[in-house]
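Asker: I'd like to ask you about the structure that follows.
The values are calculated or read from the model by the stated rules, or taken from the named source; none is laboratory data. Just so it is clear, the structure is predicted and the values come from calculations on it, not from any experiment. Using ideal geometry, Cβ is built from the backbone for each residue, glycine included, and neighbour counts are taken over all protein chains shown. We work out accessible area using only protein heavy atoms, side chains counted, and drop any ligands, DNA or RNA first. Shrake-Rupley method; radii C 1.70, N 1.55, O 1.52, S 1.80 Å.
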2 protein chains.
Amino acid sequence: MKEKLTCECTVIHEDVIKAVQTKLPKNDEISKVSDLFKVLGDKTRLKIISALLKAEMCVCDISCLLNMSQSLISHQLRVLRNARLVKFRRDGKVVYYSLNDEHIEIIVQYGLEHINESGEVDETN
Amino acid sequence: MKEKLTCECTVIHEDVIKAVQTKLPKNDEISKVSDLFKVLGDKTRLKIISALLKAEMCVCDISCLLNMSQSLISHQLRVLRNARLVKFRRDGKVVYYSLNDEHIEIIVQYGLEHINESGEVDETN
DNA sequence: ACCTCATATGAATAATTGTTCATATGTTTA
DNA sequence: TAAACATATGAACAATTATTCATATGAGGT
């Protein structure tokens, strides 16, 4: 007879569960990684990142390039800064942003490969 | 004299903007990639993915393992299915899920490396 | 000291997304 | 065919997040 765990359903493969249980990333690692992907999972921010992959740019440049308000770009740059994806330097009134991490290019690159290989994402829920 | 573009601010580096402009990914590529990261940018889904990295599992297994309701797991598996991150096979009443794509492991791996190297994410807005 | 310009930010609103609850579907077994 | 169980799903609600608008900050030039 199978025993119940904390969930509402009968455990089907307790051995598998036990084996996997010990190998799961820690909760706070999961948190951090999902926060990272959350930051990458936004069109505006991904456009900013794509731009910064090509060149260091100031807020105004990015705003012009993407045709989005300065305020929006500034807000999103803050999110990118908090996630340590971008760094900045100040030169007089102008603040220049650039990417902070080589991983980002690779991650975004893999993302592109994935979508190019696996075809359309099914948007119908 | 500098000319105005569609944005509200004076263009500071028109040359940079023009150079970058041609190299940006297409809008629909940006959309698809950000959709992918959006899917990865959720703790529950990332836990499911982490589990499936280790073994094929049925819905009930995952639900038990993560101590989350069957309904929640099922909903999130649908999101993962729509994004083609997981595949499934049915065996009687039981539906087994597994990862659909080798990229995912690499992307998640890079995510982990990023967060381990760049220290804490600043949560203070 | 004042004006201008680049950037940042708080607060309000709009939009999206995650979770729960109730229930439906589909398969197996009695 | 009825009961039992695994999974799926619609609708409501809760929570989070993106965007806008108004305004603040901070630096440079006059």
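Asker: Please report the relative contact order for chain B, taking Cα pairs under 8 Å with a sequence separation of at least 6, and give it as a percent rounded to a whole number.
Answerer: 18 percent
Asker: Here is a further query. List the distances, in nm to one decimal, from the label point of A:GLU105 to the label points of the same position in every other copy, shortest first, placing each label point 7 Å from Cα along the Cα-to-Cβ direction.
Answerer: 2.6
Asker: Next question, about the same structure. For B:LYS43, go through the lysines and keep the ones whose alpha-carbon is under 21 Å away, minus same-chain ones fewer than eight residues off.
Answerer: A:LYS18, A:LYS23, A:LYS26, A:LYS32, A:LYS38, A:LYS43, B:LYS32, B:LYS54, B:LYS87
Asker: Follow-up question, since we're still on this one. Please label the shape of chain A as rounded, prolate or oblate, based on the square roots a ≥ b ≥ c of the eigenvalues of the alpha-carbon gyration tensor (a/c under 1.5 means rounded; beyond that, a/b larger than b/c means prolate, else oblate).
Answerer: Prolate is the answer for chain A, as a/c is 1.5 or above and a/b outweighs b/c.
Asker: Further question on the same structure: Could you give, in nm with one decimal, how far B:GLU117 is from each other copy of that position, shortest first, with labels 7 Å out from Cα toward Cβ?
Answerer: 2.2
Asker: Hey, what number do you get for chain A at 222 nm if only DSSP H runs of n ≥ 4 count, each worth -39500 (n - 2.57), divided across all residues, to the nearest 500?
Answerer: Calculated at 222 nm, the ellipticity per residue is -17500 deg cm²/dmol.
Asker: Next question. Considering only B:LEU66, B:LEU52, B:LEU85, give the residue with the highest GNM mean-square fluctuation for chain B, with springs between Cα atoms whenever their separation is below 10 Å.
Answerer: B:LEU66
Asker: Work out from phi, with θ = phi - 60° and the Karplus expression 6.51 cos²θ - 1.76 cosθ + 1.60, the ³J(HN,Hα) of each residue of region A:33-43, listed in order in whole Hz, and give x for Gly and Pro.
Answerer: 5, 5, 4, 4, 5, 4, 5, 6, x, 8, 4
Asker: Also: Springs between alpha-carbon pairs under 10 angstrom, Gaussian network model over chain A: which of A:HIS75, A:HIS103, A:HIS114 fluctuates most?
Answerer: Looking only at A:HIS75, A:HIS103, A:HIS114, the biggest GNM fluctuation is shown by A:HIS114.
Asker: Per the 1.4 Å probe, what fraction of the accessible area of chain A, in percent, lies on carbon and sulfur atoms?
Answerer: That share works out to 49 percent.
Asker: Return the sequence-ordered ³J(HN,Hα) values of region A:53-59 in whole Hz as given by the Karplus equation 6.51 cos²θ - 1.76 cosθ + 1.60 applied to θ = phi - 60°, using x for Gly and Pro.
Answerer: 4, 8, 6, 5, 9, 8, 4
Asker: In the Gaussian network model of chain A, springs joining C-alpha atoms below 10 Å, which of A:GLU56, A:GLU14, A:GLU105 carries the largest mean-square fluctuation?
Answerer: A:GLU14
Asker: Oh, and also: So with the 1.4 Å probe, I'd like the accessible area per residue for region A:30-102, rounded to whole Å².
Answerer: With the other protein chains kept in place, region A:30-102 gives 40 Å² per residue.
Asker: While we're looking at this one, here's another question. Scan chain B and report its longest stretch carrying no trypsin sites (Lys or Arg not before Pro) that are both in a DSSP loop and have at most 13 other Cβ atoms within 10 Å.
Answerer: The longest uninterrupted stretch comes out as B:27-92.
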